[in-house]
Structure formats: C-alpha cells, structure tokens
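Visitor: Encoded as structure tokens, here's the structure I'll be asking about.
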Amino acid sequence: MNNDTTPQVQFDPASARFGASRSQKRLEDDRLLVGKGLFSDDRRFEGEAAMVLVRSPHAHAKIAAVDLRAALAAPGVIAAWTMADLRANGVKPIPVPPLFKRADGQPMSAPPRTPLAEGRVYYVGQPVAAVVAQTRQQAQDAADLVAVDYEELPCVVDARDAVAPGAPLLWSGAPGNVAAETRFGKPADVQAAFSRAAHVTEIELHNQRVIAVAMEPRCAIGAHEAARTTVYTQCQQPTGARDALAATFGGKPADFRIVNGDIGGGFGMKTGLQTEDALVAYAARKLGRPVRWRGDRSEEFLAAHMGRDMRFRAALALDAEGRILALKLHMLGNMGAVPVGSSAMVPLMMVAKVLTSVYRVPAVDYHMQGVLTNTMATGAYRGAGRPEGNFMMERLIEKAGREMGIDPVQVRMRNLLQPADFPHATHAGEMYDTGNFPRMLEGLVKLADWHGFEARRAESRKRGRLRGRGLSAYLEWTGALPTETVDIEVDAEGHITVFSGTQAMGQGLETSYTQLITEVLQIPAKGVTIVQGDTDHANGVGSVGSRSAFVGGSAVVAAGRTLIARGKELAAETLEAAPADIEFRGGRFFIAGTDRSIALSELAARQAERRVRVSATQTPSTPSWPNGAQACEVEIDPETGIVELARLTSMDDIGRIINHMIVQGQIQGGIAQGVGQALYEQAVYDADSGQLLTGSLMDYCVPRADQFPQMTNAFDESVPCQTNLLGVKGCGEIGTIGAVPAVVHAVLDALAESGVTHLEMPLTPEKVWRALRRG
C-alpha cells in the first residue's frame with residue numbers, strides 16, 4: 001500500500017472544480033426507493049435471540065433489590081442480567097471524555113455511564129435489567145416479571161431548579177448539581193464597556209429540550225465468533241464506537257467490529273457507542289449466539305439522548321448608534337443525569353464558538369455551567385450548540401434594534417464583520433478564515449423582497465390575518481475533529497472502491513464521493529463503490545459537525561491523486577519510461593508525446609495481489625465557517641393563534657458546492673427542523689415526578705411537509721474556505737441554525753402591535769392565542 005499522510009491544509013483552486021455544483025442524481029436513491037436498502041430490521045441471523053430492557057419508572061431512586069427469578073422461569077427465556085452480573089464479567093462504564101473541569105479545578109464529575117443502572121436510577125427510562133429470550137414477545141413478557149424494589153428519592157428536572165439552594169443532589173461529586181463549567185472573555189473589559197454604554201439590552205430565554213425523532217429507531221445486533229465480537233448497529237462514528245466498546249470490555253479494538261447498514265436518520269443522536277450496543281455485545285459474548293435489541297418509538301423518546309435545553313441570561317451593551325460594545329452571558333446547560341460523550345461538549349464548548357456570530361463584539365464575558373438533572377442525557381442534535389448560540393445572539397440584536405428604534409436590517413449591517421476583518425480571531429480562541437457577511441445579508445434582502453413586505457401585510461390584513469416578517473444572520477462552525485483518512489483500491493477489472501470512515505445516514509455521501517472520485521480519475525460512476533460503516537475496512541472520525549465533505553471529501557480527492565501518483569510510478573516501470581514522462585488522462589497512463597499507454601486495471605493485474613491500494617489523510621488547519629441569512633414571513637389567525645408559514649428564504653455561503661441538489665436538500669431539511677423547534681417541538685418532564693409527558697408522537701408535535709411553502713434557497717460560492725482542499729464549508733446543519741430565530745422574529749413581528757415582545761419557544765397556537773389576549 002502506498003500512503004500519503006501529508007496534510008493538505010490549504011484551498012486548492014484546481015481541486016475546487018470537482019463537482020462544480022452539478023446536480024447529479026443521487027446514486028443511493030435507486031435502491032432505497034424500491035426497498036433494497038439494508039436497514040437494521042433487514043438483517044436477520046440464524047439462531048438470533050431477542051433482548052428487551054427493563055427500564056426505571058422513577059426519575060430518582062435507590063435500587064434496593066432486583067429479583068430475576070420469575071423472569072428466568074418464563075417461557076423462552078435464555079438469560080437475564082443486572083449490572084452486578086456485568087461487573088462480575090469485567091464490564092466497565094462506557095467512557096465519557098473528561099474534557100472539562102469544575103469551578104474548583106477538579107475534573108468534571110457525573111454518574112458513570114454503566115450499561116445497566118448500578119445501585120441507583122437517575123432518570124425515567126434508565127435500563128435496570130436485560131432479558132434475553134427466543135422471541136421478542138417472550139422477552140417482553142418476561143421483562144414484566146422482573147421485580148425491582150425501589151426506594152424513591154426527590155428529583156429535579158430543570159437546570160434552573162437544580163442549581164437553586166436546597167435542590168436534590170444527584171451526585172456527590174457535583175456540588176450544587178454543576179458537573180463542570182467554562183469561562184471565556186475578559187470580565188473587566190466587559191464591565192468597562194457596560195459602564196459607558198448608551199443602551200443595554202437584556203434577555204432571559206430557554207432554548208427548549210427537543211427530541212431527534214429519526215425515522216428509524218435505534219437497533220443493535222451483537223454477534224460473537226472466534227473470540228471476536230461484532231455489533232451491527234446505526235452509528236455515525238463507527239470507529240469511535242468500536243474503541244469505546246473495547247474500553248468497556250477491557251479488550252483491544254481489534255477484538256471488536258462495528259458494522260452499519262443504511263441508517264434512517266441520525267441528527268447527532270446516533271453518535272458514539274449506545275448503551276444498547278454494549279448490552280447486545282455482552283449478550284452475544286455470553287451466550288455465543290446473535291442477540292438483537294430494537295427500540296420502539298416510545299422507548300426512543302425515553303432513552304435516546306435529546307438535544308438543546310439551555311437557559312440563557314444575557315446582556316448586550318451598545319453605543320448611541322446601535323454598535324455593539326460588549327456581550328455578557330450566563331448559561332445553564334441541562335446535561336441530564338448520566339452524560340453521553342457530547343453532553344458536556346455542546347453547552348460548555350460549542351456554544352461559545354459562535355456566540356458572537358457574524359458580528360463585531362469587542363469584549364465578552366461568558367460563564368457556562370453544565371448541570372445535572374433527573375432527565376435523559378442531552379447531547380449532539382443537528383447543530384449541537386451552534387443553533388443555541390446563534391439564537392441567543394439574534395434575539396439580543398433584534399431586541400436591541402426594536403428598543404432603539406433601528407431597522408432590523410440596519411442594526412445588523414452596523415455590526416457585521418467586514419471582509420477586511422479576515423482572518424478574524426474570536427474570544428473563544430477560533431479563527432474565521434474568510435467571509436463576506438454584508439453581501440449575504442444584502443443578497444437576502446433582495447431575494448426575499450424584504451422591502452415589499454408592507455404590501456403583503458396589507459393583503460393579509462384584509463383577510464383578517466396578522467402578518468409578520470423575521471430576519472436572522474448567522475454563523476456555523478464545521479469540521480469537528482478535522483482529520484480523515486480515505487483508502488482507494490483498484491482491482492484487475494478496473495473497479496474502484498473508496499473506503500471512508502465517514503458515515504452516510506441520508507445526506508447523499510455515496511453520490512458526492514462518487515462524483516469527486518470519478519472526476520479525479522476520469523472514469524464512469526458505474527465503476528465505483530463507496531464503502532463506509534465497517535471498521536474492518538474503513539476507519540475515521542465519522543460524520544458529525546457537518547464534516548463529511550469538508551474533511552472526508554477532501555480526503556477522497558487527495559486519495560484519488562495519490563492513486564494517480566502511484567499509478568505513474570507503476571506505469572513508468574511497465575512502460576520503461578521516466579515517471580516525469582508519464583501523463584494521466586481518460587483513466588489511462590501515457591508516455592508523453594506517444595500513444596503508448598496502460599490502464600489502471602492493467603497495472604492492478606500486474607501486481608501480486610492483483611490490486612493497487614493507496615491511502616491519503618487530510619487535516620484542515622482550522623474549522624470552516626459557513627454563514628448566511630434567512631427571512632421568514634408568517635400569517636397568524638388571531639382567533640385560533642395558528643401560525644402559518646408564508647415565505648421562507650435563505651442566502652448561504654457554504655463555500656464551493658459539490659452537488660447543488662444535495663446541498664439544497666440539506667438546507668431545506670435543516671430549515672424544517674428549525675421550524676419544528678420554533679413552532680412545535682418540546683420535550684417536557686413533569687417537575688414533581690420526573691415523568692416524561694411528551695413520550696409519543698401523540699404528545700410531541702413534529703412539522704409536516706404540507707405546513708411549508710415553497711422555499712427559496714440561494715448560495716454564494718465566491719468566498720471558498722481557505723483551509724481545506726476543496727474550498728467547501730459544510731451545509732448539513734446551517735439551515736436549522738438560521739430558521740429558528742427567523743421564524744421566532746416573524747411571529748413576534750406579527751404580534752408587536754399587540755405589545756408582545758418575547759415568547760418562549762415553541763410558539764404554539766395556544767401560546768400565541770394567550771399572548772394576543774394578554775397584549
């Protein structure tokens with residue numbers, strides 16, 4: 001194998017032509033749309049058993065005793081276990097990275113993430129025991145027979161309540177229920193700025209808890225053969241899950257394998273090793289047969305990690321012209337009870353990366369606290385901290401403009417960073433490489449016909465409707481863990497196989513990667529296979545933080561070039577020419593100035609293994625910073641409070657575009673999820689009992705396609721990212737980031753005549769109706 005491990009950290013204009021914004025048809029759709037996908041329930045194994053979990057009905061309780069005898073005696077039952085059984089067999093807690101510290105300088109402290117509860121339960125839905133039977137129905141019946149003696153304890157479900165004096169303490173290592181915290185900025189500079197400010201805008205808001213609601217519920221199948229354990233699952237980070245599995249069992253990564261098929265949506269919720277992955281692995285190792293666990297929809301509501309749930313208190317200091325002087329902020333991030341890998345990272349690090357967004361903010365003072373509550377963990381969910389940070393900033397600047405009588409567009413224009421400000425160092429230690437923020441806002445104003453709004457408002461008023469318009473400008477951060485390796489192999493028949501550690505889950509990576517490699521190697525798409533999601537064949541960081549094209553796509557192009565370079569060496573040997581005289585075109589290697597040539601497939605056939613395989617690694621020097629602006633118009637029925645979307649417009653700079661159709665789909669899907677949070681979605685726990693009140697789709701509202709108008713989406717490719725080979729910036733989450741504030745501002749604009757200045761999300765019909773009656 002030939003390896004190129006030299007990072008390509010600069011934008012290469014020659015590479016940016018790959019894809020060239022073409023809207024090539026998605027290659028994966030042909031099999032997915034006719035039912036030929038390979039999702040978790042499409043896999044079946046001979047001798048497969050079924051696992052069902054006994055989950056806690058209490059939000060906080062001691063486990064006095066667990067009696068498995070009746071369950072073990074039930075028909076079809078093969079085994080049943082508690083955490084004591086797993087401990088006896090060497091199973092450890094699933095590792096959570098210790099990235100942060102408490103105020104006293106000690107490492108972050110929280111209950112360990114044991115696969116089954118140990119001694120105490122911390123939230124409703126925490127697994128307490130596992131039952132394995134011949135069939136799922138038998139396992140469900142037996143699970144009902146498990147007798148658990150609980151001693152119920154007081155609970156707390158809201159971060160604000162959890163840090164109040166006298167609140168129930170979840171974990172002795174986290175005094176005041178604060179597991180860890182971070183600070184950014186210079187408080188003295190901020191205090192000085194506030195003392196000379198002409199105007200101060202203050203706000204308190206709750207970025208509410210939401211649920212991912214992936215189309216395909218989580219599922220895991222464990223298999224053990226020849227001292228090696230394989231977990232067939234749905235994981236956005238297969239390599240990381242494999243390594244965590246090895247750590248949980250005290251083994252070596254080579255003893256474990258993670259295999260994905262097609263994944264019916266992830267949205268961040270399927271990152272890392274799941275508790276259930278570890279449990280089926282244990283069961284397969286213990287029983288020597290395949291064991292399947294599959295969550296039903298209600299189980300997913302209870303026990304898959306959730307998103308958002310941050311409480312902000314912030315103030316913005318401005319001069320008399322509405323220019324920002326300083327930002328002061330305190331945030332409580334509700335991490336739940338038993339953190340997953342991203343639980344602390346999202347509130348304590350990711351929010352700070354984008355809080356100042358596209359604006360010039362001379363001084364900041366941030367204080368972020370990660371709080372433990374008796375709820376399911378929060379973690380990565382589409383945007384993971386960036387929607388929360390941008391929403392906070394947009395609400396502040398919108399409110400400041402209204403208080404100071406400055407037009408929403410103008411107050412933003414006065415504060416935008418200018419092209420001459422780049423590269424721009426942030427208060428969180430990041431560096432913006434490129435951007436033209438004023439052009440994005442100007443483009444949106446024109447695209448959305450912002451100045452034609454009053455005529456549309458008048459027309460709505462004739463029909464008895466309230467009409468409002470909202471605006472957002474925003475900044476995204478992409479490229480989490482910016483290193484990715486891609487292997488490429490060509491066989492004697494000329495077939496190209498690309499091995500990548502990123503993971504498709506609906507975003508079209510098979511198409512995008514094929515598009516890139518066919519253009520590099522000048523071959524037809526039918527001769528290319530993309531392999532992802534199998535740690536025996538491809539390893540890497542995975543697909544999180546909109547990094548797949550930014551890092552993974554760059555690695556695909558780099559690997560293709562490495563294959564050409566290796567091919568030139570082999571062709572020179574075969575054709576008896578100097579490597580410098582070898583040219584590559586049309587999938588063949590030529591001696592310059594002659595018609596003597598040889599194909600890649602012929603070179604592969606001449607090798608001992610009848611293949612040529614190379615590897616390339618890409619490590620962009622910094623993350624990328626997609627940015628843009630969105631406008632929304634809504635109509636409200638004042639008799640019912642129902643909000644209808646009238647217009648949705650976006651203008652985005654996501655760098656160079658590989659496939660325009662895929663990008664537009666990602667933007668529109670992201671906008672839909674942002675609209676869901678703004679208008680419909682909220683996970684609610686009962687404050688007294690800790691029970692999840694929104695435990696099904698009867699109680700938790702998600703948006704539908706028929707609630708959306710035709711969206712208008714435009715892109716500006718004139719400012720490519722300078723820190724990766726392709727100049728791309730990532731697009732998977734930016735739609736969500738901009739939609740939430742734009743929709744909220746549109747609703748508040750429609751209600752402004754009634755004196756309404758702030759409402760907490762979601763802006764449900766009841767909430768809007770009541771606000772109109774109060775106003």
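Visitor: Checking VAL200 against (1) open to solvent by less than 40 Å² (accessible area, probe 1.4 Å); (2) assigned to a strand (DSSP E or B): exactly one of these is not met. Which one?
Guide: (1)
Visitor: Of the residues GLY727, GLY690, GLY641, which is on the phi > 0 side of the Ramachandran plot and in contact with a strand residue (DSSP E or B) (Cβ under 8 Å, 6 or more places away or on another chain)?
Guide: Step by step, each of GLY727, GLY690, GLY641 is checked, and only GLY727 is on the phi > 0 side of the Ramachandran plot and in contact with a strand residue (DSSP E or B) (Cβ under 8 Å, 6 or more places away or on another chain).
Visitor: Out of all the residues in the range 633-667, which are over 26 Å from LYS25 (Cβ atoms), open to solvent by 10 Å² or more (accessible area, probe 1.4 Å) and in a loop (DSSP other than H, G, I, E, B)?
Guide: Result: ASP637, PRO638, GLU639, THR640, ILE642.
Visitor: Further question: Does at least one position in the range 130-145 carry a residue that is within 25 Å of GLU276 (Cα to Cα) and under 30 Å from the mean Cα position of the chain (by Cα)?
Guide: Yes; the residues of the range 130-145 include at least one that is within 25 Å of GLU276 (Cα to Cα) and under 30 Å from the mean Cα position of the chain (by Cα).
Visitor: Which residues, counting only those in the range 460-501, are of a type in the set (A, V, I, L, M), open to solvent by less than 40 Å² (accessible area, probe 1.4 Å) and part of a strand (DSSP E or B)?
Guide: LEU471, ALA473, LEU475, VAL486, ILE488, VAL490, ILE496, VAL498
Visitor: Then there's this: Taking the range 681-702, which residues are open to solvent by 50 Å² or more (accessible area, probe 1.4 Å) and small (Gly, Ala, Ser)?
Guide: The one that is open to solvent by 50 Å² or more (accessible area, probe 1.4 Å) and small (Gly, Ala, Ser): ALA687.
Visitor: Taking SER195 and the conditions (1) out of contact with any Lys or Arg (no Cβ under 8 Å at 6 or more places or on another chain); (2) over 28 Å from PHE267 (Cα atoms); (3) touching a residue at least 12 places away in the same chain (Cβ under 8 Å), which numbered condition does it fall short on, given that it satisfies the others?
Guide: (3)
Visitor: Scan the range 428-455 for residues that are open to solvent by 20 Å² or more (accessible area, probe 1.4 Å) and touching a Leu at 6+ places or on another chain (Cβ under 8 Å) and jot them down.
Guide: Selection gives ALA428 alone.
Visitor: Taking the range 119-136 as the region of interest, how many residues are farther than 22 Å from SER342 by Cα and either of a type outside the set (Lys, Arg) or assigned to a strand (DSSP E or B) (or both)?
Guide: Within the range 119-136, residues that are farther than 22 Å from SER342 by Cα and either of a type outside the set (Lys, Arg) or assigned to a strand (DSSP E or B) (or both) number 10.
Visitor: Out of the range 284-306, which residues are closer than 18 Å to VAL210 by Cα and part of a helix (DSSP H, G or I)?
Guide: Matches in the range 284-306: ARG297, SER298, GLU299, GLU300, PHE301, LEU302, ALA303.
Visitor: Something else now. Find all pairs meeting these conditions: Cβ atoms under 9 angstrom apart; at least six residues apart or on different chains; first residue within the range 165-179 and open to solvent by 40 Å² or more (accessible area, probe 1.4 Å); second residue assigned to a loop (DSSP other than H, G, I, E, B) and of a type in the set (Phe, Trp, Tyr).
Guide: TRP171/TYR122
Visitor: Among the residues of the range 214-235, what is the count of those that are open to solvent by less than 40 Å² (accessible area, probe 1.4 Å) and either modelled with pLDDT under 95 or not in a strand (DSSP E or B) (or both)?
Guide: 6
Visitor: Which residues, counting only those in the range 604-622, are within 14 Å of GLY479 (Cα to Cα) and of a type in the set (Val, Ile, Thr)?
Guide: Correct list: THR619, THR622.
Visitor: Do the conditions hold for ALA129, that is, is it within 30 Å of VAL163 (Cα to Cα), small (Gly, Ala, Ser), at pLDDT 95 or above and open to solvent by less than 60 Å² (accessible area, probe 1.4 Å)?
Guide: no
Visitor: If you don't mind, another one. For the range 64-83, give me each residue that is touching a helix residue (DSSP H, G or I) at 6+ places or on another chain (Cβ under 7 Å) and assigned to a strand (DSSP E or B). Lay out the reasoning, then the answer.
Guide: First, the residues of the range 64-83 that are touching a helix residue (DSSP H, G or I) at 6+ places or on another chain (Cβ under 7 Å): 71, 74-80.
VAL77, ILE78, ALA79, ALA80 - these are the residues of the range 64-83 that are touching a helix residue (DSSP H, G or I) at 6+ places or on another chain (Cβ under 7 Å) and assigned to a strand (DSSP E or B).
Listed here are the residues, each with its yes/no results for (1) over 27 Å from PRO762 (Cβ atoms); (2) assigned to a helix (DSSP H, G or I); (3) touching a residue at least 24 places away in the same chain (Cβ under 8 Å).
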position: ARG308; (1), (2), (3): no, no, yes
position: ARG313; (1), (2), (3): no, no, yes
position: ALA320; (1), (2), (3): yes, no, yes
position: ALA326; (1), (2), (3): yes, no, yes
position: HIS330; (1), (2), (3): no, no, yes
position: GLY333; (1), (2), (3): no, no, yes
position: VAL338; (1), (2), (3): no, no, yes
position: LEU348; (1), (2), (3): no, yes, yes
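Visitor: If I filter the range 84-106 down to residues being outside any loop (DSSP other than H, G, I, E, B) and without any contact (Cβ under 8 Å) to a residue 40 or more places away in the chain, which single residue comes out as nearest to the chain's Cα centre (by Cα)?
Guide: ARG87
Visitor: From the list VAL728, VAL756, VAL744, VAL768, pick out the single residue that is closer than 22 Å to LEU355 by Cβ and either in contact with a helix residue (DSSP H, G or I) (Cβ under 6 Å, 6 or more places away or on another chain) or not polar (S, T, N, Q) (or both).
Guide: Answer to the check: VAL744.
Visitor: Can you pull out every residue in the range 705-747 that is part of a helix (DSSP H, G or I) and surrounded by fewer than 21 Cβ atoms within 10 Å (Cβ to Cβ)? Walk me through it before giving the result.
Guide: Just the residues of the range 705-747 that are part of a helix (DSSP H, G or I), to begin with: 705-707, 734-747.
Scanning the range 705-747 gives ALA705, ASP706, GLN707.
Visitor: Out of the residues in the range 583-605 that are open to solvent by 50 Å² or more (accessible area, probe 1.4 Å), within 30 Å of GLY552 (Cα to Cα) and not in a strand (DSSP E or B), which is modelled with the highest pLDDT?
Guide: Checked the range 583-605; the qualifying residue modelled with the highest pLDDT is GLU602.
Visitor: GLY641: touching a helix residue (DSSP H, G or I) at 6+ places or on another chain (Cβ under 8 Å) and not aromatic (Phe, Trp, Tyr), yes or no?
Guide: Taking the combined requirement at face value, the residue satisfies it.
Visitor: Right, something else. Would you pick out the residues in the range 748-762 that are under 21 Å from MET393 (Cβ atoms) and outside any loop (DSSP other than H, G, I, E, B)?
Guide: LEU748, ASP749, ALA752
For (1) more than 27 Å from ILE654 (Cβ to Cβ); (2) part of a loop (DSSP other than H, G, I, E, B); (3) of a type outside the set (Ser, Thr, Tyr), each residue gets a yes or a no:
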residue	(1), (2), (3)
GLN503	no, yes, yes
THR511	no, no, no
LEU516	no, no, yes
LYS526	yes, no, yes
GLY545	no, yes, yes
ILE564	yes, no, yes
THR574	yes, no, no
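Visitor: How many residues does the range 358-410 contain that are within 18 Å of ALA746 (Cβ to Cβ), of a type in the set (Asp, Glu) and under 26 Å from the mean Cα position of the chain (by Cα)?
Guide: 1
Visitor: I'm trying to understand the selection: among the residues of the range 133-164, which are in contact with a strand residue (DSSP E or B) (Cβ under 9 Å, 6 or more places away or on another chain), without any contact (Cβ under 8 Å) to a residue 24 or more places away in the chain and either of a type in the set (A, V, I, L, M) or within 30 Å of HIS367 (Cβ to Cβ) (or both)?
Guide: Answer for the range 133-164, where residues must be in contact with a strand residue (DSSP E or B) (Cβ under 9 Å, 6 or more places away or on another chain), without any contact (Cβ under 8 Å) to a residue 24 or more places away in the chain and either of a type in the set (A, V, I, L, M) or within 30 Å of HIS367 (Cβ to Cβ) (or both): there is none.
Visitor: So is GLU681 part of a loop (DSSP other than H, G, I, E, B) and more than 19 Å from GLU476 (Cα to Cα) or not?
Guide: yes
Visitor: Could you list all residues from the range 748-761 that are open to solvent by 30 Å² or more (accessible area, probe 1.4 Å), more than 16 Å from LEU205 (Cα to Cα) and either of a type in the set (S, T, N, Q) or in contact with a strand residue (DSSP E or B) (Cβ under 6 Å, 6 or more places away or on another chain) (or both)?
Guide: Matches in the range 748-761: SER754 only.
The values are calculated or read from the model by the stated rules, or taken from the named source; none is laboratory data. Everything numeric here is computed off the predicted structure, so don't read it as measured data. Cβ sites come from the backbone with ideal geometry, for glycine too, and all protein chains shown count toward neighbours. For the accessible areas, the whole protein counts, side chains as well, though only heavy atoms, and no ligand, DNA or RNA atoms are used. Shrake-Rupley method; radii C 1.70, N 1.55, O 1.52, S 1.80 Å.
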